[in-house]
Every structure is written in C-alpha cells, then in structure tokens.
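The values are calculated or read from the model by the stated rules, or taken from the named source; none is laboratory data. Note that the structure is a prediction, hence the values are computed from the model and not measured. Every residue, glycine as well, gets a Cβ built from its backbone with ideal geometry; the counts of neighbours run over all protein chains shown.
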Amino acid sequence: MTTKPLWMYLALVVGTAAIASPAAASPPVGTISPVTGNLAATECINPEGLTIDLQGNLYTGSAAIAPTTHVCKFDHHGAFVKAVDIPAGPGGFAPLLGVHFEPPRTVFALDFADTLVHPGTSNGRVLSVDMESEQVTTIATGFSFPNGFAEDLEGNLYVADSFQGTITRMRKDGSNKSVWSADPLLAGVTGAGLPIGANGIAFDTFFQHMYVSNTSRRLIVRIDVGPNWTAGAAEIFANGATIDANQNTTKSLLGADGIAFDLFGNLYVAANAANEIQVLSPSANLTARYASPSLPMDTTASLIFWGNQLFFTNLSLLDGGINSSVAVLQTPLPGLPPL
C-alpha cells in the first residue's frame with residue numbers, strides 16, 4: 001500500500017503554489033470557461049465525478065442510468081481521448097458517481113447500480129478501471145449510493161454513501177473494508193425525494209479533519225481524524241440556512257455536492273441546486289459565489305483543482321443531459337494538489 005509522509009505531501013503543496021500560473025497569463029479570477037464542450041450526445045452524458053492525472057488529463061464518469069456506461073478521458077484542454085465501457089453488475093445498471101485517479105493508469109469509480117430504480121437495494125460497487133487495458137474489476141460491493149471519494153497519506157480510500165449516511169474505508173484492492181464513520185450528521189433528510197446525505201469528501205491540508213458535504217441538509221460536516229486514521233467526533237462546520245440568516249443571502253450550500261480546498265483553507269463547494277460554485281472561508285463564512293451568465297451551469301456536481309484552475313462537471317441531471325459538460329473556474333489561489 002502506498003504511503004506518503006506528510007512532509008512529502010506538504011512539499012508537493014508548496015511546489016503547487018510555486019508553479020501556479022502567473023496572473024498575467026491567466027484569465028481574470030472568476031472567469032468560467034468551457035473545457036469539453038457539450039457532452040449530451042456522447043458516451044460521457046451526465047458527467048459525475050472528476051479526477052486528474054499527473055499530466056493534467058481529466059477523467060469523469062457517466063451517471064446515466066443505463067446497462068453500460070463509461071469512464072471518459074479528456075486531455076487538459078478538453079479534447080476527448082477515450083471512453084472505457086463499464087458493464088452493469090447485479091443491479092442491471094452502471095451509473096457512475098465519484099472517480100479517483102491512481103498512477104500510473106487506474107481510475108477508481110463508484111457505481112450506484114439500480115438504487116434509483118429499485119429503492120432500498122445495495123448493489124452499488126467500487127470499481128477499478130485500467131484505462132489502458134480497459135479491464136474493469138469490482139473491488140467492493142454492498143453500497144446503496146456511493147458518491148464521494150478521498151484518499152489518505154497511507155493510500156486508504158474513503159467512500160461516502162449518500163443513502164446509508166456512512167463513510168467506508170478500504171485499501172485499494174478492496175481489503176480491510178469497514179465503516180469509518182456513521183455519525184448521524186452524515187444522514188440525509190428522511191422522507192426527501194432524494195435523501196442524499198454524505199456526498200463530497202475531502203481532507204484538509206494537514207489531514208487533521210475530513211470535511212463532508214451533506215446535500216439534503218445543506219451542511220458541511222467536519223470529522224476529526226485521530227491516530228491511525230481513526231474517525232473522531234463530528235460537528236457542523238457550516239450550515240446553509242444559518243449562513244443565509246447571518247449574511248443576508250439566499251441558497252447557501254443549496255445542494256452541496258463536491259468539495260475541494262485551496263492552499264489557504266478556503267473550501268469550494270459545488271452547490272448543485274443553486275448552479276453555483278460557492279466558497280467558504282476557514283471560519284465558515286460565505287466569501288464568494290461563482291456562476292456564468294453565458295455558459296450553462298446545470299447541476300454543478302464534482303470539483304478538482306489543478307493550480308489556479310478549478311475544473312467542475314455540469315451533471316445536467318433534470319433535463320435529459322442537454323447541458324452535460326466539464327467547465328473550469330479561474331480561482332484567486334491554487335488548490336490542494338490531488339494525491
């Protein structure tokens with residue numbers, strides 16, 4: 001199992017800051033630009049989950065409810081490279097949510113199977129996809145709505161299950177699988193049409209906490225990380241309704257989905273029901289919100305930083321996928337590099 005000492009990771013963080021694109025060569029902060037173009041008529045319709053490799057190639061999965069879906073690869077400029085078929089498992093469908101790149105050529109993907117077709121089932125899978133040989137391997141099963149991905153410095157994977165309200169930890173071959181946290185703050189709203197609880201997950205800079213978006217409750221939850229990567233106490237870091245009341249705004253954390261940190265501890269949140277990227281300060285104040293008057297932002301779902309560029313997917317969930325795309329936001333500060 002790959003182990004990366006904290007000092008090595010922090011050196012990578014410092015390096016990311018040092019090589020961040022100079023302002024003169026970048027679009028103005030807040031600029032949102034198309035990357036892939038429209039994906040509605042491609043294998044990559046309804047893109048969900050977003051990850052990046054060491055060369056800057058982007059990977060996303062299709063969340064379409066179909067017997068065969070795809071993990072799609074694009075170069076850093078958005079040109080399509082290839083799509084790998086993802087066949088259905090026992091649930092009969094293979095819609096994908098989170099994806100996570102592992103060098104040199106593996107993409108882990110989360111399949112929520114037939115959960116939306118047959119509520120209450122747990123045929124969701126964690127898949128390992130070899131992007132070169134196109135071999136797809138199931139490494140873990142038993143999930144209802146596996147959604148968010150994170151990785152610690154010892155190479156353990158963490159999977160948020162939005163319907164079970166849990167975070168599960170496992171090794172990259174699926175071994176040592178166990179529920180890492182099932183705190184009640186991770187559960188969705190009972191009785192909601194889509195009771196999506198734990199969704200996006202991310203560690204902070206020093207891996208002292210895991211942050212988790214709770215979509216249906218408009219929360220960002222913070223979980224202490226204890227010795228040997230154990231889960232400690234959970235607390236509410238940010239509450240969308242409270243932010244609206246205190247800051248005289250609306251739609252804060254509405255549909256909070258994917259999350260990502262910049263180097264100074266600001267948390268970027270894909271607010272999918274507001275069709276925005278929202279930014280929380282380290283003290284949980286809403287400090288910025290980004291949308292585009294010209295580029296359709298339709299169910300903003302998944303985020304990944306590359307320097308000062310924040311790439312994100314437009315899931316295009318409720319309209320047949322007509323606005324499916326990957327776009328990019330120019331940010332004022334570089335983001336934490338992916339492991």
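Points worth noting:
- Condition check for residue 133 on (1) in a strand (DSSP E or B); (2) free of Cβ contacts under 8 Å to residues at least 60 places away in the same chain: one failure, at (1).
- Residue satisfying all of: in the range 33-72; more than 16 Å from the chain's Cα centre (by Cα) and outside any loop (DSSP other than H, G, I, E, B); farthest from residue 306 (Cα to Cα) among these: 68
- Checked against (1) without any contact (Cβ under 8 Å) to a residue 24 or more places away in the chain; (2) assigned to a loop (DSSP other than H, G, I, E, B); (3) out of contact with any strand residue (DSSP E or B) (no Cβ under 7 Å at 6 or more places or on another chain), residue 142 passes all but a single condition, namely (2).
- Among the candidates 91, 120, the residue that is surrounded by fewer than 20 Cβ atoms within 10 Å (Cβ to Cβ) and not in a strand (DSSP E or B) is uniquely 120.
- Verdict on residue 212 being outside any helix (DSSP H, G or I), farther than 21 Å from residue 13 by Cα, more than 17 Å from the chain's Cα centre (by Cα) and β-branched (Val, Ile, Thr): no
- For the range 70-82, filtered to residues that are touching a residue at least 40 places away in the same chain (Cβ under 8 Å) and in contact with a Gly (Cβ under 8 Å, 6 or more places away or on another chain), the residue that is nearest to residue 111 (Cα to Cα) is 71.
Per-residue answers, yes or no, for (1) modelled with pLDDT of 95 or more; (2) over 30 Å from residue 12 (Cβ atoms); (3) buried (at least 20 other Cβ atoms within 10 Å of the Cβ):
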| position | (1), (2), (3) |
| --- | --- |
| 242 | yes, yes, no |
| 247 | yes, yes, no |
| 251 | yes, yes, no |
| 254 | yes, yes, no |
| 258 | yes, no, yes |
| 264 | yes, no, no |
| 268 | yes, no, yes |
| 276 | yes, no, yes |
| 285 | yes, no, no |
